[in-house]
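The values are calculated or read from the model by the stated rules, or taken from the named source; none is laboratory data. Owing to the predicted nature of the structure, the values given are computational and were not obtained by experimental measurement. Here the Cβ positions follow ideal geometry from the backbone for every residue, glycine too, while neighbour counts run over all protein chains shown.
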Amino acid sequence: MNILIYILILIFKITENTLSTIRIIVIADRKKLLGAILQGTISIIWIISTSLVVIDIKDPIKILSFTLGAIIGSYLGSTIEEKKMEKPSILKN
């Protein structure tokens with residue numbers, strides 16, 4: 001059961017960080033409504049992932065999952081941003 005929680009924390013945090021980068025790109029493209037929707041989604045994901053860690057803050061594997069998710073999500077977000085620079089149409093309709 002705990003392994004599932006660790007995996008969920010990792011996936012949620014990766015998703016949150018990656019979406020945060022995409023949101024910045026979307027806002028830079030002047031798509032305010034999509035940026036706002038992404039922020040709402042990011043907030044929900046953050047609340048869930050953070051609460052899963054805070055419930056049992058003494059579990060070092062939860063903290064590690066959260067941290068690794070942030071690192072991987074940041075890397076993925078940076079990779080997406082880099083691809084956006086190479087191909088300006090990556091997020092366009």
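Here are a few things to note about the model shown:
- Residue within segment 19-42 that is surrounded by fewer than 17 Cβ atoms within 10 Å (Cβ to Cβ), farther than 17 Å from L68 by Cα and touching a residue at least 60 places away in the same chain (Cβ under 8 Å) present: yes
- The sole residue among I24, I57 that is part of a helix (DSSP H, G or I) and of a type in the set (A, V, I, L, M) is I24.
- L10 passes every criterion in (1) surrounded by 15 or more Cβ atoms within 10 Å (Cβ to Cβ); (2) over 12 Å from the mean Cα position of the chain (by Cα); (3) not charged (D, E, K, R) apart from (2).
- From the options T41, T50, T67, residue that is out of contact with any Lys or Arg (no Cβ under 6 Å at 6 or more places or on another chain), farther than 12 Å from N17 by Cα and at pLDDT 90 or above: T50
- Residue match in segment 70-82 (condition: closer than 15 Å to Y6 by Cα and in contact (Cβ under 8 Å) with a residue 12 or more places away in the chain): yes
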